[in-house]
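Asker: Please see the structure below; I have some questions.
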Amino acid sequence: SMALRKPCWLRCSWCCCTGVLLLAVLRCNALWCFSLPRVGRQWHRGTHGSAVVEQIVHEIYGAKEGGPSGLNLPEASVPRRKIVGIDDVRSAEDLEVAAFNFEYVKAKRPVLLRGVDTLMNWPPQSMWEGPKATQIFNGLQLRVSLGTAFPLQAGGHVAQPVKSFEDIMSKYLQDNRLFVFDSDVDRTMPLAKQMPVPDWLSLKHEDATSIVSLGGRGAGLSWHTHGPTWLAAVVGRKRWFLYPPGQASSRVRGHPLYSASAWACTILPQLPPSKRPLTILQEPGEILYLPAGWAHSTVNLDDALGFGRQNPLSEEEGDHAALAYGIARGYPASEADPEACTLLAIAGTHKPELLPTAQDTLTPAKLLMHATQSAPLYLPAVIAFARDADGLAPEEGFGACILRRAVEVLSDEEPLLASSTAFDNATLALAWVTLARNLAAAATSESDRAVAADCLAHIPRLVDRDLGLLEFLGVEYS
């Protein structure tokens with residue numbers, strides 16, 4: 001504005017020089033910006049993007065984003081309108097180790113901890129979009145996989161190629177089918193060092209696995225269950241959907257091959273109020289503690305970066321008993337929670353004492369039968385059932401028969417799934433790869449091996465326009 005008051009000839013000279021200088025600066029800034037991590041930028045991806053998910057959530061739950069009656073917070077105790085429907089919301093500054101263990105860990109109650117960033121003096125949000133972020137993640141590599149693949153890890157091999165942080169931010173973050181969920185200590189430590197957490201939280205999970213979570217807008221993890229965990233949101237907002245142990249029935253989960261965002265857009269609107277999950281919006285600077293056995297699904301509303309700790313299911317803490325209780329009081333066998341049944345069956349195979357003796361229906365074989373009946377294409381249950389059958393009768397080929405039945409079901413459903421916008425071809429291809437690998441391992445005849453080979457024959461057609469996804473399927477084609 002000062003230049004506008006100079007004489008005309010000075011203004012022209014000044015403008016020409018400034019224009020050249022400005023173009024040079026803009027060019028340098030553009031190159032510099034492209035070299036920085038793009039954490040925090042919003043990405044809009046496809047029909048089932050995060051904006052659509054949030055619109056559906058607000059239409060269904062209204063101002064109170066809660067769950068079934070009796071599980072919502074009293075309105076008077078809600079410090080922010082967007083936090084309703086979880087058992088409790090607490091300020092991290094108010095909690096001590098004894099209170100946290102008694103009120104949440106022992107009681108198996110989830111809690112959202114607000115104000116952690118202020119309490120622990122976390123770096124400002126702006127740091128994650130500047131040169132400092134590049135220094136922190138320089139040379140860092142993380143595992144990348146399909147978001148729908150995470151639940152399949154219980155059923156065998158899942159391809160998780162390691163990629164540099166720079167490549168993740170510049171290429172893979174743009175595909176909301178892909179997600180980073182890494183638990184390697186060496187790869188997750190650089191972020192954890194930057195973000196201290198309260199001592200009482202870190203002490204409780206000092207033997208847990210460190211995790212880093214990273215995905216673009218609209219990306220997420222489909223329904224899954226594990227031991228107690230906490231996740232700190234560093235950048236970006238994350239939408240959570242939660243069910244208590246054993247209560248995520250096959251009906252409320254929908255098709256096992258749904259992505260998290262597809263589930264929210266397709267199944268959630270159809271659920272009656274009493275069957276809807278709890279839901280919570282986690283914002284940067286907050287930590288969500290999730291007890292063992294709580295089934296959950298997540299959708300990133302922005303590019304989202306987080307870190308945390310995760311424990312396996314614990315016999316001493318009664319985690320398996322909570323799953324058994326949830327299954328017993330939940331749904332009929334035709335709608336049983338397939339993942340809870342599978343987790344309990346696998347644990348009970350190794351330690352029968354984990355299964356309630358008063359309920360003869362909760363044997364490993366019957367649990368797996370319930371799981372596969374309620375969700376025939378929940379592949380971790382199918383694979384566990386096949387392995388259990390082969391363990392009981394190794395020479396009979398029962399495992400291969402169970403897997404071939406799943407192949408038949410997928411063959412029958414594939415035309416409908418492939419034509420639906422709720423499913424993506426990469427997930428279908430992953431299902432075929434998973435069945436092929438396990439059937440080849442369980443094969444007792446040439447016929448079994450031929451069926452396994454036929455499973456792989458589906459892959460080229462499903463990914464012919466997206467060959468870059470082959471490495472996330474763990475297959476190679478010349």
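Asker: Please give the per residue accessible area of region 224-355, computed with a probe of 1.4 Å over protein heavy atoms only, in Å².
Answerer: For region 224-355, the solvent-accessible area averages 28 Å² per residue.
Asker: Sticking with this one: Gain in length, H58 to A99, computed as 0.36 nm per residue apart minus the alpha-carbon separation, to one decimal in nm?
Answerer: Fully extending the segment from H58 to A99 adds 11.5 nm.
Asker: Considering only protein heavy atoms and a probe of 1.4 Å, how much of the accessible area of region 198-321 is carbon and sulfur, as a whole percent?
Answerer: Answer for region 198-321 is 47 percent, counting heavy atoms of protein chains only.
Asker: Taking every pair of alpha-carbon atoms in region 392-478, give the share separated by more than 17 Å as a whole percent.
Answerer: That fraction is 48 percent.
Asker: What's the local net charge at T349, with K and R +1, D and E -1, over the other residues with C-beta under 11 Å away?
Answerer: Residues near T349 contribute +1 overall.
Asker: Applying the Karplus parametrisation 6.51 cos²θ - 1.76 cosθ + 1.60 with θ = phi - 60° to the phi angles of region 365-375, what ³J(HN,Hα) value in whole Hz is obtained for each residue in order, glycine and proline being reported as x?
Answerer: Computed from phi, the couplings for region 365-375 are 5, 6, 4, 5, 5, 4, 4, 6, 6, 6, 9 Hz.
Asker: Still on this structure, I have one more. Hey, rough spin-label estimate for R109 and E316, points 7 angstrom out along Cα→Cβ, what's it come to in nanometres?
Answerer: Using points 7 Å along Cα→Cβ, the separation is 2.4 nm.
Asker: Between their Cα atoms, which of K106/K193; K163/K193; K171/K238; K238/K275 are more than 24 Å away from each other?
Answerer: With Cα atoms farther than 24 Å apart: K106/K193.
Asker: Pull out the extension gain between M127 and K366, defined as 0.36 nm times the separation in residues minus the alpha carbon to alpha carbon distance; nm, one decimal.
Answerer: Full-extension gain reported as 80.8 nm.
Asker: In whole Hz, what ³J(HN,Hα) sequence does region 169-184 give by Karplus (6.51, -1.76, 1.60; θ = phi - 60°), x for Gly and Pro?
Answerer: 6, 8, 10, 7, 5, 6, 9, 6, 7, 9, 8, 9, 9, 10, 10, 6
The values are calculated or read from the model by the stated rules, or taken from the named source; none is laboratory data. Remember, it's a predicted structure, so these values are computed and weren't measured experimentally. Using ideal geometry, Cβ is built from the backbone for each residue, glycine included, and neighbour counts are taken over all protein chains shown. These area figures cover heavy atoms from the full protein model, side chains too; ligands, DNA and RNA do not enter into them. Shrake-Rupley method; radii C 1.70, N 1.55, O 1.52, S 1.80 Å.
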